[in-house]
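Please read the structure below before turning to the comments.
Coordinate-derived values only; no laboratory data. Not measured: the values here are computed from a predicted model. We place every Cβ from the backbone using ideal geometry, glycine too, and count neighbours over all the protein chains shown.
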Amino acid sequence: MEGPGAQIVPFPAAPAQVGFDRLELGRILDLYGRMVAAGLWRDYAIDFSRDAASFAMFRRAAERPAARVEKRPALRGKQGMWALFGEAGQVLKRGHDLAGVLSPLERKLLKVVESSG
């Protein structure tokens, strides 16, 4: 429909990059801090791209990550936008909520705390 009164409605633009919101990053950093205090992790890296945001945790600098949490909004309607990857790059858990995806790391932390206490 064209004419003097026609409006052109643009498609919503895709974001330039995917990021973590304040609550998501707070939850990830809280777990990271507790793992550092337990002596399991020492470094981290954050990566933002057009398709995904990633938070990688390292035992030592200059090695592959011990774990990586990834947010991919394009998968929100499918298996969930959150994924947890292990050291070899295998998918450990996928889901729609961050807390559920982080649960294997939370359990690992509990085991370490219980065995050292």
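With the simple model of a label 7 Å out from the Cα in the direction of the Cβ, Ser49 to Leu29 spans 2.4 nm.
Sorting 64-71, 101-108 by their mean Cβ neighbour count within 10 Å, with the most densely packed peptide first, gives 64-71, 101-108.
Counting other beta carbons within 10 Å of each Cβ, put Leu75, Leu110, Leu84 in order, fewest first.
Details: Leu75 17, Leu110 11, Leu84 21.
With the sparsest Cβ surroundings first, the list reads Leu110, Leu75, Leu84.
The calculated pair-distance distribution of the range 22-112 uses every alpha carbon pair, bins of 5 angstrom beginning at 0, and gives 3, 14, 25, 29, 19, 7, 3, 0 percent.
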